[in-house]
Amino acid sequence: ASFSRDGAVSAVVRQAASVPPEVWAGPAGQWKQITHLNQDVKSAWGESRNVSWTNGDTRVQGWLMLPKDYDPAKKYPLLLTVHGGPSAACTSKWQAGGMGSMAAASVLGWFVLCPNPRGSYGQGEAFTQGNVKDFGGGDYRDIMAGVEAMTQQFPVDDKKIGIWGHSYGGYMTMWAETQTTRFAAAVAGAGLSDWQSYYGLNDIAEWMIPFFGASVYDDPAVYQKSDPIHFIKNVKTPTLILVGDRDGEVPMPQSIEWYHALQAMKVPTQLVVYPNEGHVFFRTADARDYTLRTLRWFEEWFAKAKQ
């Protein structure tokens, strides 16, 4: 939001999964729509629903996008997409494309689940702090509980479930495939495979101590317990790895380490490094390639999965 100097008037961009963005402005509680630039634009993807489930005593919320032309009498693949952050949130917003578009998966005929596990914004400070010193713990269980809930509530093809994430979502993708063989395929974008080596490589290390409680030099064990690389022998899931070679937030060596480890474990894998791209891609062609490779990877492995 933007505010006038005296704070009396504000302007925002309002949107939803089925409502394209427009500018609204006015005094608080009295907003009026200012622009009508997208009034003729219609969504090409399926309906987005606000869903919730429980993990023990914890209520978890997320967004489920239905397949385009959804028919409840049919079964569909499910793509789990994990947001970055970790302090961030999935919201109901217009799908304008970009890296890892949920809308494209819906158009292909898949459910798309974007959960808000503990550590996410929007459900109170205690919930946002719920993953402190517990990366890959309660947050992972919240996510997997969501997958199971969706398979019970919607006609999901149980053999065709995939996981994709970027940044912290890339970490969670790597972590999840060390903890379960539930997924037919995985795509890890800018993923983090080794917290201990990451500590000395990234450009934003100051964010880690509030989450882990100490530096890696003072308490290496709290980092090691959440390291995907220490559980690499559990991985069986075919994995596509995508990263920019100038990523300072989750540097490329994290992806290369995971790629080499998967190769050593004889797990089907591919690594794609995008020249001159950082943590978020700015070249339209690269963002498009990222999305297409992601979708094709899931198409390939969903096709190989048994009904």
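Every number here is computed from the coordinates shown, using simple stated rules; none is lab data. Given the structure is predicted, the values throughout are model-derived calculations rather than measurements. Cβ placement follows ideal geometry from the backbone for every residue including glycine, while neighbour counts extend to all protein chains displayed.
Quick rundown of the values:
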{"read-out": "Computed over the stretch 1-153, Kirkwood Rh from alpha-carbon pairs, angstrom", "value": "17.2"}
{"read-out": "Assigned charges on the beta-carbon of Lys, Arg, Asp, Glu; the chain dipole about Cα centre (debye)", "value": "940"}
{"read-out": "Scattering profile of the chain at q = 0.08, 0.16 Å⁻¹ [log10 I(q)/I(0), Debye over alpha-carbon scatterers]", "value": "-0.37, -1.39"}
{"read-out": "Top of T180, T35, T294 by mean-square fluctuation, Gaussian network on the chain, Cα under 10 Å", "value": "T35"}
{"read-out": "Unit charges at the beta carbon, dipole of the chain: most positive-side option, I204, Q152, A25", "value": "Q152"}
{"read-out": "Q263/I204 FRET efficiency (R0 35 Å; Cβ-Cβ; nearest 0.05)", "value": "0.75"}
{"read-out": "Formal net charge of residues neighbouring V222 (Cβ-Cβ distance under 11 Å; K, R +1; D, E -1)", "value": "-2"}
{"read-out": "Alpha carbon Rg of the stretch 65-168, scaled by the compact-globule rule 2.2 N^0.38 Å", "value": "1.10"}
{"read-out": "Entries of K74/K304; K93/K304; K75/K304 with Cα pairs more than 26 Å apart", "value": "K93/K304"}
{"read-out": "Zero-based 5 Å bins, Cα pair distances in the stretch 195-307, whole percents", "value": "2, 10, 17, 17, 19, 17, 11, 5, 2, 0"}
{"read-out": "Kirkwood estimate for the stretch 1-42, i.e. one over the average of 1/r between Cα atoms, Å", "value": "10.9"}
{"read-out": "Charge dipole (the stretch 1-159, unit charges on Cβ, about Cα centre) - positive-most of G7, Q129, G84", "value": "G7"}
{"read-out": "The stretch 97-220: proportion of alpha-carbon pairs further apart than 27 angstrom, %", "value": "23"}
{"read-out": "Anchor K225: lysines whose Cα lies under 26 Å away (excluding residues fewer than 8 positions away in-chain)", "value": "K133, K233, K236, K266"}
{"read-out": "Cα-derived Rg over Rh, computed across the stretch 170-254 with Rh taken as Kirkwood radius", "value": "0.98"}
